[in-house]
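So the structure is just underneath, and the comments pick up after that.
The values are calculated or read from the model by the stated rules, or taken from the named source; none is laboratory data. The structure displayed is predicted, hence computed values, not measured ones. In this analysis, Cβ positions are derived from the backbone assuming ideal geometry, glycine residues included, and neighbour counts consider all displayed protein chains. Remember, those area values only see protein heavy atoms, side chains included, never the ligands or the DNA or RNA. Shrake-Rupley method; radii C 1.70, N 1.55, O 1.52, S 1.80 Å.
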Amino acid sequence: MSALLEVSNLHAGYGESAVLQGLDFELGQGEVVCLLGANGVGKTTTMGVLSGLVPASEGRVRYDGIDLLALPTHERVSSGLALSPEGRKVFPNLTVEENLYLGSFNRNARAHRMRKLDEVYALFPRLAERRTQSSGLMSGGEQQMLALGRALMSNPRVLLLDEPSLGLAPLVVQSVFAAIRAIAATNISILLVEQNTHAALSVASRGYVMAAGRIVLAGDAATLREAPELRDAFIGKA
Ligand code: ATP
C-alpha cells in the first residue's frame, strides 16, 4: 500500500540559499512519524513546503494520490492537511474561541465546526474554561494547546506539528505530548518536527534524522534512540 504522504527528492530554499537538498520521506495513514535534526537543517522549511508557504524548486509530494505541490495553500487545508506552526502563532488579541473558529474556515471544516469545537474542548478542558479569555494572556503550554486545537478545527487527516515542545517546562511538555498521543489515537496521521528527541520518540513509531537538507538516517523509534547518527546530527557531524 502506498503512503498517505510521500515526499521525493524535494528541494527548496530562500533566494540563493539552498535548504532542502533532495529530501525523501513517507508518512502512512494513522502513523506518527518524527523529523529530527539540529537547528537550521530545514525542518521548518519542510513544513513550509508541505503547507504551501515555501515554494519547492524541485521534487514531488504525493498526498493521497494527488500532486500536493500543485495545490494552493487553502486547498491543501481543505484536503485535510493542517499545520500547527513553530512558535504557535496564536492571535493574542482574539479569544480562545475566536482563534479556534479561525481554524475552521475551509470548505471541509465549516459544516463540522460545532462537533469539532466539542472535540477540542473535550481534549483540552483548559481551553473550554478559558474560551472567552484573550489568548495572549495564556501560558505557553495553553497557547500550544490552542495551536493544536486550532489545527484540529480544520478537520484534518494529516497534522503537521512544528516543535510543539518549544520553550515549555518538562511537565507541560508531558501534557502536550499526552494530547498528541490522544490525537493520534483518533487515526489522524502526524508529522512531528522536534528538537526534543526524547519526547518525539516517546510518541512516534518511527522517524527520520535530517542533516543539511536531507535524510541521513531512518528507523523505528527504538533504533533511533540508540543511534550514534542522531547524536552526531545534533552536534553537526552528520
Ligand atoms: P529550527 O529548529 O531552528 O527552526 P529548522 O531545522 O526548522 O531549524 P529551518 O527553519 O527550516 O530549520 O531553516 C533552515 C535554514 O533556512 C536556516 O539556515 C535558516 O536560517 C534559513 N531560513 C529559514 N527561513 C528563512 C527565510 N524566511 N528567509 C531566509 N532564510 C531562511
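Can you tell me what share of the DSSP beta bridges in region 55-195 is antiparallel? A percent to the nearest 5 is fine. Present the calculation step by step, with values, prior to reporting the outcome.
On the way: 3 of 12 bridges.
Bridges in region 55-195 that DSSP calls antiparallel: roughly 25 percent.
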(message) Keeping all protein chains in the complex and leaving out DNA, RNA and ligands, what accessible area do you get for residue 14 with a 1.4 Å probe, in Å² to the nearest 10?
(response) 110 Å²
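For every helix of n ≥ 4 consecutive DSSP H residues, a contribution of -39,500 (n - 2.57) applies; sum these over the chain, divide by its total residues, and give [θ] at 222 nm rounded to the nearest 500 deg cm²/dmol.
-10000 deg cm²/dmol
Give the calculated FRET efficiency between residue 58 and residue 181 to the nearest 0.05, with a Förster radius of 35 Å applied to their Cβ-Cβ distance. Could the numbers behind the result be given before it?
Values: r = 35 Å, r/R0 = 1.01.
After rounding, the FRET efficiency stands at 0.50.
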(request) Compute the length gained on full extension between residue 128 and residue 174: take 0.36 nm times their separation in residues and subtract their Cα-Cα distance, giving the result in nm to one decimal. (result) 14.6 nm
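Ranked by accessible surface with a 1.4 Å probe, highest first, in what order do 58, 163 come? Working shown, then result.
Details: 58 95, 163 10 Å².
From most accessible down to least: 58, 163.
Once fully extended, how much extra length lies between residue 74 and residue 93, figured as 0.36 nm per residue of separation less the alpha-carbon to alpha-carbon distance? Walk me through the intermediate numbers first.
Values: separation 19, 0.36 × 19 = 6.84 nm, distance 2.37 nm.
Full-extension gain reported as 4.5 nm.
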(request) With r as the distance between the Cβ atoms of residue 166 and residue 218 and R0 = 25 Å, compute the FRET efficiency 1/(1 + (r/R0)^6) and round to 0.05. (result) 0.55
(message) If I take R0 = 25 Å and measure r between the Cβ atoms of residue 118 and residue 67 in this structure, what FRET efficiency does the formula 1/(1 + (r/R0)^6) give, to the nearest 0.05?
(response) 0.10
(message) Of the candidates 22, 30, 167, which one comes out as most mobile in a Gaussian network treatment of the chain with C-alpha springs shorter than 10 Å?
(response) 167
(request) Round to the nearest 10 and give me the degree value, 0 to 90, for the angle of helix 113-123's Cα axis relative to the longest principal axis of the chain. (result) 80 degrees
(request) Tally the DSSP beta bridges in the chain and give the antiparallel ones as a percent, rounded to 5. (result) 55 percent
